[in-house]
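This report refers to the structure that appears directly beneath it.
Values quoted throughout were computed directly from the atomic coordinates according to the rules given, and no laboratory measurement underlies them. Computed from a prediction, not measured in an experiment: that's the story for all the values here. Ideal geometry is used to build each Cβ from the backbone, glycine not excepted, and the neighbour counts take in all protein chains shown.
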Amino acid sequence: MLSWLPENVSTYGTDIDSLFALIYYITGVTFLLVEGLLLLFLILYRRRQGRRAAYIAGDRVGELTWILVPCALVLVLDVWIDVRGTETWEKVKGHIPPAEVQVRVVGKQFNWDVFYPGPDGQWGTVDDRRLENELHVPVGQVVEVVLESQDVIHSFFLPHLRLKQDVVPGRKIPAWFVATKPGRYEIPCAELCGFGHSGMKGWLTVHTPEGYRDWVQQQLTALPPAQVSAALSTTPH
Amino acid sequence: MEQASTLNRHIATPLSTSVPTGKLGVWWFLASEVTVFGGLIACYILTRLGSTGWKEAAAHLSLVFPLLNTLVLLTSSMTMVMAHAAVEAKDSHRLRTFLMVTVLLGVGFLLLKAMEYSREMAQGFFPHTGLFWAFYYGMTGLHALHVLGGVIVNLILLLTVPTATETQQRRVEFAGLYWHFVDIVWIFLFPLLYLT
Amino acid sequence: MSDMVVAKVADVTPHVYEELGFWRKYVFSTDHKVIAKQYLALGLLWAIAGGLMAYMMRWQLAWPETPVLLFRWIPEPFMYDGYMGPEFYNALVTLHGTIMVFFVAMPVLLAAFGNFLIPLMVGARDMAFPRLNMLSVWVFALASLVLFVSFFVPGGAAAAGWTGYPPLSARAEYTGVEWGLNLWLIALALEFASFLMGGINFLTTVINLRAPGLSMFRLPLFVWMQIVAAVLFMLSVGPLIAGAVMLLMDRLLGTTFYLPAGGGDPLLWQHLFWFFGHPEVYVILLPGLGIVLEIIAVFSRKPIFAYRSIIYATIVAGILSFIVWAHHQFISGIDPRLAMPFSITTILISVPFAFVVFAMIATLWKGAIQFTTPMLFALGTLANFILGGVTGIFNGSAPLDIYIHDTYFVVAHFHYTLFSVTVLGGFAGLYYWFPKMFGRMLHDTLGKVHFWLTIIFFNSAFIPMHLVGVGGMMRRIANPLQYEFLQPLQPLNVWITVSVIMLLIAQIPFVVNCVWSLVAGVRAEQNPWRANTLEWSAPSPPPHGNFAAVPVVYRGPYEYSLPGSAQDWLPQDYEVLTQAAARS
C-alpha cells in the first residue's frame, strides 16, 4: 500500500511516512490475525450432525480474560502509535523553525496567490512581488508559508512534501517545509471551495541554490511590484 | 435434570420506573432542548469572550422590556402551577381560569418582545448589524418561538379538555414542565444578554 | 420429545382496529409496525436515489467529461445531454452524503428496525406514545419532501458538502446555490425533530413498558444498542441545531456568525457540526451492530459471549464519542496543541469496539454455525467492519492525518465502517426479520446470490480506494486527470467505478426477491429461525396489539444449547414445567 505514496521530497515527510509504515504493519498484522481467527472459527464450528454448540456465556472472569487480554494488547499498540505520533506532530506542527525563505500564500476561488517580500525581506515595501499559482523555493532551506484566505476555506496541499494545512479566512496560519530534491510539484486545493475546486492547483518549483538565486534575480524582480496589503484578513490570529 | 425453578428465574421487583411514562417522555424532550439552548448559549459566551465592543452594543438594549418580560414569565409559571393545583383539586373552573391567564401572559410576553424588537430595529439595530445583535436576535428569537409553542399547547389544553379529568391532570403537568423550562431558559438569557 | 412446555395464560384483548379504514390503517397509522414499514419504504427509496448519485459521481471520476451512461434524459440545467458541470458534481457529492446518513441509515437502521422490534422485543403492545410516533414519521416525510424540492429550485441543490462548511455555505454567492441550501438546512432540522421524537419514544418504551420479568439485563442487545444510540443522538444534536439556526440566519438575515468580516469564525460551525457528527456516526453504527449480535447468537446456537460487558463497552464508547470530535479538524486551523489530546481519545475509542468485535468472534467459538442468508450478511458485516476499524487508526493519528485528511483514504475508511454496518447489517436484519414483518420467507438461494455479489463488489470497489487515497487523491474533485500526480491512479479509479456499477446491479436480486416474496413467497411460521427473543412469540406478522397476552419473561435472551435439554433454544417467555409434570 505504501508504494502508492507520491515521491517524498521533504525532511519531515520521512517521519510521516515511517509513522505510516508503523501503523500499517501493526494494523496489518492485527487485521490478518483477527480475520484469520474469524475464518478459522467459521470453518471449525460449522454445524455438524450430532455436535451441539457449547453453552459458554462469557460472564466468568476466566472466560472474559480471553477478550480482555487482546483488548489490553490493542491498548498497548494504540499507546505506542500515539507516542510516536506525538513526537512526529511536535516536529511538524509544534513549532516553526527559523525560516530562511518567507512567503505568504492567499487562497481564493480558485487559485493560489503567492507573495514574496523581495530581497529586503520586509512586507509592504516596493520590492514585494505576487505570483499566481507559482511558488519557487530553494532546496534544503526552511521555507515558511503564512497561509490566508480571501473568501472561503481552502486547503494548501503539497502531497510530495506531506504538508497539508487548511486555509481559513480571518486567520493567518503558518506552515513550513524543507524540500530535499529539486523538481516541480503540484499544489492542489484539498477543501471543497466551490465549483472551481476541482482543478484549483498551483505549482511548487524547487530550485538548486544557484537556480533559486538566478530565478529571484531574473524573474522575480522583473515582475511588477505587488500591493501586499497589511491586512488581507480582518482578524489576525 | 434441571429443576424448572432454575430455568424460570422470576423477578419480583417492579420493572418500569415509578416515573409515569408521559413524564419520562417530557424529561427526555427537555434534555434535548437543554442541549440546543446550551449549545447556543455556549457559543455566545465563547464568542463574546473573544470579541470586543459587545458591552457597548448591549448598552443599547432597553432594561424595561426584559424586566417586564421576566415578571410576566415568572407570573405565568406561577399561574401554570396553580392550574395544575386546580386540576388536582378537580376544580374545572379554576383550571380554565389559570390556563387562560397563563396563555394571556404568554401572549403578553410575545407582544412585549415584538415591541422591543421594533424599537431596536427603528434605531437601526438588525441581526446583521453586528455579531452581538446576531446572537441577541438569534437567542431571544429561538426562545420566543418556544414561548409561542408553549402558548399554543396551553391553548389547545384549554380548548379541547377544559374539565379537570385525570388525563387533563397529566397533560397540564407535562405542559407545565415545558413551560417552566421555557421560563428557566429566559432566566439564563436575561442576565447573559441584558445585564453584562 | 421436548421436556419444555409452553404455559401461557389465555387472555384475548378486544380491539376495534379491524374497523378502521384504509387511510387510518396504512397511511395515518399509529401502529409501530406500520410506521416502521413507512420509514423502511422512504429509506429504501432514498437509498436508490443515493446509490444512483454515487454511480453518476463515479462515472465522472472514471471517465471525466463524458456523458454519463443512461442519464442523458436528465434535463438542463442539471446536466447537458449527459454531461455534468462542476456545480452539479458538487451537489451530487453533498446530497449523496446527506441522503445516505440522514435519509437512509437513520430511517432504516434506527427508525424502521427500532420501531418494528422494540415494542415486540420488550413485550409491549406498541410504543409508549403511538401518536407521537405517527407524527415523527410524517415529519420525516415532510423533511424528505423538502429535500426533494431542493433539487428543483433555481441554483440547484446544496453543494457545500454534507458537512456544509462556511463561509462557502454561509453566502449564496460562494456556491451559486440559494434556496437549495436553505431548504437543505430546513430538511435537516425537520429530520432532527423527527428523530428526537422517535428517540423519546424508544427510550420511554424501553424504560417503562417492559413485560413482567424483563429486567434491563435480560433485554436483547439490539434493544440496548438502540437506546444507547437514542441517548447519543438526543444529547449531541442540540448544538448542531443551534449551529444550523445560526447558519440559516447568516444566509437569510445577513448575520456573520461564521464570517470573519463581521467578527465571526468559520471554525465555530466545524466544532458544532462535529460535536454532533462524531456521536452521530455511532448512532447509525450501533443498531447495525445490535442486529449482527442477534443474528450471530441465533445462528451459532450459542449465548452472546460477555453480554453485560458488551453493554458496558458500548456505553463507554458512547461516552468517549463526545470527546473525539476534533479529529475531523486536526489541520483545520485549531490550536495545534489540541491535536494530540484528540488523537489520544480517538485511538482509545478503538478499545471498546475491539471488545465488541472480539466478543462476537468468541460467540462463534464452539458454536454450531448455520450459514443462512442473514448469518452470511452478519458475518460479512463483521469481517468488513474489522477493516474499517483498523483504518480508523490511521485517520486518528494526527500527524498521519496531515497527509490523508480530505483524501480518498478517509472515504474508504468511512465506507468500510458505515456501509458494512448499515448496509450489510441492514440486509442481515431484513433477511432475518422479513418473515416476522411480512409473514413470508425471502427466497434463500436468491439471498445468497445477493450476498456474494454484494460482498465481492463492495470490497472490489473500496479496497482500491485506500490506494487512491494513499496516492493523494483529494475528496470532492470532479476530474482527477486535471492533476499530473493523480494520473497514475486513474486505472484504479476506473476499476472502482466498474465495481460500483456491478455493486448497484447486484442489488437487483434483492429487489426481485422482496417483490416476489411479498406476493408469492413461502408463508412464514411463527418462529422459523428457532430464536429466543420475544418478537418470535408473536405471529408472523403480528396483529395490531402484537401478543394475544402480554408475555411473562423468565430468562435472558440468549439461552441457546442449554446442557441437558432436548432442544437447543429456550424462548424468554416459555415457562419450564418440571419434567414430571410435562410427561403427565
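Structure above, values below:
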quantity	calculated
At R0 = 51 Å, FRET efficiency that the Cβ-Cβ distance of C:Ala141 and A:Ser3 yields, to 0.05	0.55
The stretch B:25-195, relative contact order in percent, only Cα pairs under 8 angstrom and at least six apart counted	33
Sum of side-chain charges, C:Gln370 neighbourhood, beta-carbon under 9 Å (Lys, Arg +1; Asp, Glu -1)	+3
Cα coordinate range in the stretch B:25-195, projected on the principal axes (Å, largest first)	55, 32, 21
Quarter of the Cα convex hull surface for the stretch B:30-119, i.e. its orientation-mean projected area (nm²)	7.6
Restraint check, C:Lys33/C:Lys448; C:Lys37/C:Lys366; A:Lys108/A:Lys172; C:Lys366/C:Lys436, Cα-Cα greater than 25 Å	C:Lys33/C:Lys448; C:Lys37/C:Lys366; C:Lys366/C:Lys436
Radius ratio Rg over Rh of the stretch A:101-232, counting only Cα atoms, Kirkwood formula for Rh	0.94
Kirkwood hydrodynamic radius of the stretch C:159-286, Cα pairs, Å	16.2
Chain A: angle of helix A:61-89 to the longest principal axis, Cα-based, in degrees nearest 10	10
log₁₀ of I(q)/I(0) at q = 0.05, 0.11 Å⁻¹ - chain C, Debye sum with one point per alpha carbon	-0.22, -1.05
Rg over Rh, two decimals, the protein assembly as shown (C-alpha only, Kirkwood Rh)	0.99
Nearest 10 degrees, 0 to 90: helix C:179-208 Cα axis against chain C principal axis	20
Extension gain (nm, one decimal) between C:Phe414 and C:Val449, 0.36 nm per residue minus Cα-Cα	10.1 nm
GNM result for chain B, Cα springs below 10 Å: residue of B:Val81, B:Val64, B:Val72 fluctuating most strongly	B:Val64
Degrees, to the nearest 10: C:32-62 long Cα axis against longest axis of chain C	40
Distant alpha-carbon pairs in the stretch C:319-472 (separation over 22 angstrom), percent	51
Efficiency of FRET from Cβ geometry, A:Lys181 and A:Asn133, R₀ 22 Å, rounded to 0.05	0.55
Within straight-line cross-link reach of A:Lys201, aspartates and glutamates at Cα separation under 12 Å, skipping those fewer than 8 residues along the same chain	A:Asp113, A:Glu132, A:Glu134, A:Glu186, A:Glu191, C:Glu484
Inter-site label distance for B:Ile45 and B:Ala85 at 7 Å from Cα along Cβ, in nm	3.4
Segment C:Ile319-C:Ile456, extension gain: residue separation times 0.36 nm, minus the distance between their alpha carbons	45.8 nm
For the stretch A:13-94, convex hull volume per residue from C-alpha positions, Å³	102
Nearest-0.05 FRET efficiency for A:Ala222 and A:Ala72, computed from C-beta distance (R0 60 Å)	0.40
Surrounding net charge for B:Leu73, when Lys and Arg each add one and Asp and Glu each subtract one, Cβ distance under 15 Å	-1
Burial order of peptide ranges A:162-168, C:364-370 (average beta-carbon count within 10 Å, highest first)	A:162-168, C:364-370
For C:Phe28, A:Phe157, order by how many other beta-carbon atoms lie within 10 Å, fewest first	C:Phe28, A:Phe157
Shielding by partners, peptide C:170-177 (average Cβ within 10 angstrom, other chains)	3
Per-residue average of Cβ from other chains inside 10 Å of A:55-68	6
Residue order, fewest to most surrounding Cβ atoms within 10 angstrom, among C:Ile463, C:Ile186, C:Ile296, C:Ile393	C:Ile463, C:Ile186, C:Ile393, C:Ile296
Residue-averaged [θ]222 nm for the protein assembly as shown, counting only DSSP H segments that reach four residues, each worth -39500 (n - 2.57)	-18500 deg cm²/dmol
Partner chain coverage, peptide C:157-169 - average Cβ within 10 angstrom	3
Mean shadow area of the stretch C:429-480, taken as a quarter of the surface of its Cα convex hull (nm²)	5.5
Residue order, fewest to most beta carbons within 10 Å, for C:Arg210, A:Arg60	A:Arg60, C:Arg210
